[in-house]
1. Would you calculate the separation in nanometres between label points at Ala327 and Arg227, each defined as 7 Å from the Cα along the Cα-to-beta-carbon direction?
2. Give me the lysines in straight-line cross-link reach of Lys250: C-alpha distance below 30 Å, same-chain residues under 8 apart excluded.
3. Counting only the heavy atoms of the protein chains, how much of Trp225 is accessible to a 1.4 Å probe, in Å² to the nearest 10?
4. Going highest first, how would you order 338-346, 362-370, 47-55 by mean Cβ packing within 10 Å?
5. If you put +1 on each Lys and Arg Cβ and -1 on each Asp and Glu Cβ, how big is the dipole of segment 247-386 around its Cα centre, in Debye rounded to 20?
6. Alpha carbon centre of segment 345-381 versus segment 91-105: separation in Å?
7. How much length, in nm to one decimal, is gained on full extension between Ser298 and Glu384, taken as 0.36 nm per residue of separation minus their Cα-Cα distance?
8. Cα convex hull of the chain: how many Å³ per residue?
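The values are calculated or read from the model by the stated rules, or taken from the named source; none is laboratory data. Given the structure is predicted, the values throughout are model-derived calculations rather than measurements. When we count neighbours, we look across all protein chains shown, and the Cβ atoms used for this are built from the backbone with ideal geometry, even at glycine. What goes into the accessible areas is simple: the full protein's heavy atoms, side chains included, and nothing from ligands, DNA or RNA. Shrake-Rupley method; radii C 1.70, N 1.55, O 1.52, S 1.80 Å.
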Amino acid sequence: MKGDPKDLGFSTRAIHAGQPPDPRTGAVAVPIYQTSTYVQDDLGHNKGYEYARVTNPTRDALEENVAALEGGIAGHAFASGMAAIQAMTTLLRQGDHAIVSRNVYGGTYRLFRQVLERYGLAFSWVDTTDAENVRTALTERTKLVFVETPTNPLVEVSDIAAIAEIAHGAGALLAVDNTFMSPYFQRPLSLGADLVVHSTTKFLNGHSDSVGGVLISTREEDAEWFRFIIQSAGAILSPFDSFLVMRGIKTLAVRMERHEVNAAELAAFLDGHPKVESVLHPGLASHPGHELQKRQASGFGALITFDLGSEAAAKRLLDRLQVLSLAESLGGVETLISHPATMTHASVPADVRAELGITDGMVRVSVGIEDVDDLLADLAQALEYV
Ligand SMILES: Cc1ncc(COP(=O)(O)O)c(C=O)c1O
């Protein structure tokens, strides 16, 4: 591909940005540079690579690719989504304060509460579905607002543009965890966010065979700092995982379209089912975030949470499913189902879960791209036993 990727459509960028044909062989797929070091031409002269913790051509290609998809100036790839989030928090110094969506991924909650608070950082847990709550939580020391939208498993939607304005008014940065939407459906940087993080483990890789994370910046000073963090702390994504994520991203657009169609059908089916007490999916007109989601994203995503009333009922359903697989994680081609209270959100104390509205009867589906009739039939037969 020649020319500026910014002028090209999403799928073209997904397939080509950061991935020119290999200069040595013309290979269309970026090779896996499985090397720890690089021979130098002579003292003080190299080909741009010295040591693979710092830079690796396969990782570089992925980083350039995700930056082009999110519209940032640089991307950095880490060994997991949590490592990317942890790297992002190194922008904070002792005594700084951050405002966080109250129902972020349980692992993010654990990192902030149980690790980072020990280093003198303070966090306020806020219902960011009302942007004004962010304003109320601001303090003199607020340096960062961290929003996940939609959240997991309650699928709560927060107004990125409104929160960006409030954060910037207070001199704070806005970071958005865009894992659930992927840049195909939502581009937080275009709505005013300063940083985007992803667990590439989910939709970006899309095939449930790699764990990774990326952090995309808009300010040169942040990009420079993250380069330094990568060099200093070294939680890098391996060349092989970088290759896998790049390969996954090439089909992101077609996968997301199919996730979306399948999820809409499942949400409609569950919404009308007598055994189901409630269904959370932003594509349902009844969802409180429906209009906002339509405004700030171009899709509703693949996550559906529904409540069967009790853990026993949830267990009866999970025991009977045959096509949907009981597993943590999401965003892969296969449909996964989980029980947040005992799985993804087990690290959130029961009283906090209750306060957030995560009940023991809830199950969360990450709708895959299988034939939707098979998914519907599987859910229908299992619901008979609930
Ligand atoms: C929204 C979100 N952010 C971050 C993470 C953490 O990513 P990883 O598991 O790749 O460390 C997850 C994992 O489930 C997630 O769902």
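1. Those two pseudo-labels are separated by 3.7 nm.
2. Of all the lysines, those that pass the test against Lys250 - Cα under 30 Å, at least 8 places apart if same chain - are Lys2, Lys6, Lys47, Lys202, Lys294.
3. 90 Å²
4. Working: 338-346: 20.0, 362-370: 24.4, 47-55: 14.0.
Listed from highest to lowest mean packing, they are 362-370, 338-346, 47-55.
5. Numbers: 12 positive and 20 negative charges, 85 e Å.
Roughly 400 debye, rounded to the nearest 20.
6. 27 Å
7. Values: separation 86, 0.36 × 86 = 30.96 nm, distance 3.47 nm.
That works out to 27.5 nm of additional length.
8. Working: hull volume 53.9 nm³, N = 386.
Spelled out: Cα convex hull of the chain, divided by residues, is 140 Å³.
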